Amino acid sequence: MSFLHSRVLIGALLFFAFLVMLVTSILLFTQRHDAAISVMHTMIGVVMSGTIVWHTIKNRRILLSYLNPLKKHNGAYSLSFFLAISLVTYLSMAPYFSLSPAAMVYRFGQSLKAADKAEHGKEVIFEEYNAAIPKAQGQTVTVEFKKGPYFMWPQYALWIETLEGEFVQPLYVTRSIATNNFTNKVTKVDAEQVFDSHLMIGESPLALTALEGGEDPQTKNTRMRPESLPVFLHKLGKQASNGYFLPTDNALQVDGYSGATMMNNFIYHTQMRDRLVGQYRVRLEINHSFDYNSYYRSDRFPDDKVYSGDGYSAQPSVVYETVIDFSQPQQLQKMTIVGRGHHSGKDGILYRDLENLTTALELVDRVLISHSL
């Protein structure tokens, strides 16, 4: 006697999976994103999909007859096959083309999420800064920056360039980059230890036990971090005496546009040196040390003395961009991620592959750019 009946198991799995999927679908539709609910929804969806495949295999003959539009059912042709195809096609295309009533359903769900966020969300506070740029005569550019969950103390730079890629001027550069002032120097406690996860997150960050050292004023202006923001540093085009692209020999190139790393959400106003006309590209490059992952391990490039050096560069910098038109009235433009820098700063190429990045993609929640006429 068998205690396992396949049809009973399939029916029970589909029924209970359907109940969980129904509840989690409603929660995801009406409330803010919740990681636990998303994982539950995904895992139950996998179980449900597997059960459906199993059910399909066991009933493949009946299913094949349903999928034959020329087969008669109960002695007559049916439009059910074409109706099913039409319905699935509509549901698949509606989100991309904002077709009604799908668009109305989406907006309704967004309104419910917004209400839930307003009721339960934490207050988001922005600090506002105004840069005083001597002899500047151009338009004012405003940057609204909201940090992501892994933003702690990264290095970053904002700049403007032409659509052809010619550097125009910086908008903001963290002071450590502008002056090559990297005074925090640490080393491994165990030289053979391999890092394959972020050293700064979790209840017991690995950096507390696996690294030693700290502030070392003697390293000021001597440590070289070409991997920090390679796209920006090569765009800046100032080469240090050792061949690295760093502003150490000409820090005044970014004078007035640099400052201590802004650690919270911020709204930053700065001014163009000269008035600009037409479209220009705004870029942001950001990088955080110690953010290793399973691909960008500490032993990923053992022969690369920069990557395997004392900078603990881990995941490379990521680059965001948008285009603004100084000839048009002020419009709020959202920056989008477009690529990454070289893992050790060997060149200033913008690499488009992002599949091996993890926490580096969550340094930034959003960046909005606007300007005056």
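What pairs in K305/K334; K135/K235; K135/K305; K146/K235; K188/K334; K147/K346 have C-alpha atoms more than 30 Å from each other?
Beyond 30 Å between Cα atoms: K305/K334; K135/K305; K188/K334.
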Filtering trypsin sites (Lys or Arg not before Pro) in the range 266-308 by DSSP loop and by at most 12 other Cβ atoms within 10 Å leaves R275, K305
In nanometres, the difference between 0.36 nm per residue of separation and the alpha-carbon distance of L354 and T209 is 49.2 nm
For R7 and V338, extending 7 Å from Cα along the Cα-Cβ vector and measuring point to point gives, in nm, a value of 6.1 nm
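Only the coordinates and a few stated rules stand behind these numbers; no lab work does. Treat the numbers as computed from the prediction; the structure is a model and nothing was measured. Note that we place each Cβ from the backbone using ideal geometry, even for glycine, and neighbour counts take in every protein chain shown.
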